[in-house]
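The structure appears right after this line, and notes come after that.
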């Protein structure tokens, strides 16, 4: 199956972000599912299942909001049957959200990529590429913006600037450690929280 140019750009962006493309159709609980494209996250996003719905070409009835809703709700039920921990994200490419599609938000995360124009080489211009990034930001790794050389952020650091604006009642040390450990994934964040809880409980016991 050939992908529309815009979907090809989206597929390339998700692959660049580290997602693994799944062969389609795929089976869950003995039920076969056909989507334009499907991806599985890796590392800290290993439980992310991303489904691409191409409303530009209308493959697999993807211009029919009710059909799309039924297919994804069936997928969600199949994942429940298998006790899967996957979190489903549906990316609607070139779609206008109908009531049926809006209802998907009760079942999965719904992201919409508008019908962006590509240049003669099949690529997005800078402004269009930025719009694509904005629409799928929740699926992408967190990147702190590069600061200008003389900006406040460059002088103090983005993390220090954030900590400086937190209320005094907030545990700044814990916030710093959590943000730092988040780059290493969920396990590191849990370990950081666990250590801090042990420290607080130990301090309370000593006071008693």
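The values are calculated or read from the model by the stated rules, or taken from the named source; none is laboratory data. Just so we're clear, the structure is a prediction, and the values are computed from it rather than from any experiment. Every residue, glycine among them, receives a Cβ derived from its backbone with ideal geometry; neighbour counts consider all protein chains shown.
Can you tell me which of 154, 203 is in a helix (DSSP H, G or I) and modelled with pLDDT of 70 or more?
The conditions single out 203.
On the basis of being under 14 Å from residue 7 (Cβ atoms), modelled with pLDDT of 90 or more, surrounded by 13 or more Cβ atoms within 10 Å (Cβ to Cβ) and in contact with a strand residue (DSSP E or B) (Cβ under 8 Å, 6 or more places away or on another chain), does residue 38 make the cut?
Answer is yes for this residue.
Out of the residues in region 95-117 that are within 16 Å of residue 132 (Cα to Cα), touching a strand residue (DSSP E or B) at 6+ places or on another chain (Cβ under 7 Å) and assigned to a loop (DSSP other than H, G, I, E, B), which is modelled with the lowest pLDDT?
Step by step, filter region 95-117, then rank; the result is 95.
Does residue 77 count as assigned to a helix (DSSP H, G or I), at pLDDT 90 or above and either outside the structural domain of residue 184 (by TED's automatic domain parsing) or closer than 19 Å to residue 102 by Cβ (or both)?
It is true that residue 77 is assigned to a helix (DSSP H, G or I), at pLDDT 90 or above and either outside the structural domain of residue 184 (by TED's automatic domain parsing) or closer than 19 Å to residue 102 by Cβ (or both).
Can you say whether residue 101 is in contact with a helix residue (DSSP H, G or I) (Cβ under 6 Å, 6 or more places away or on another chain), assigned by TED's automatic domain parsing to the domain that holds residue 40 and within 30 Å of residue 162 (Cα to Cα), as far as the supplied structure shows? Outline the logic, then answer.
On the way: in contact with a helix residue (DSSP H, G or I) (Cβ under 6 Å, 6 or more places away or on another chain): yes; assigned by TED's automatic domain parsing to the domain that holds residue 40: yes; within 30 Å of residue 162 (Cα to Cα): no.
Here the answer is no, as residue 101 does not meet what is asked.
Anything in region 59-96 that is loosely packed, with under 14 Cβ neighbours inside 10 Å and under 17 Å from residue 114 (Cβ atoms)? List them, or say none.
96
Restricting attention to region 54-63, and to residues there that are at pLDDT below 80 and in a loop (DSSP other than H, G, I, E, B), which single residue is farthest from residue 10 (Cα to Cα)?
In this case the residue turns out to be 63.
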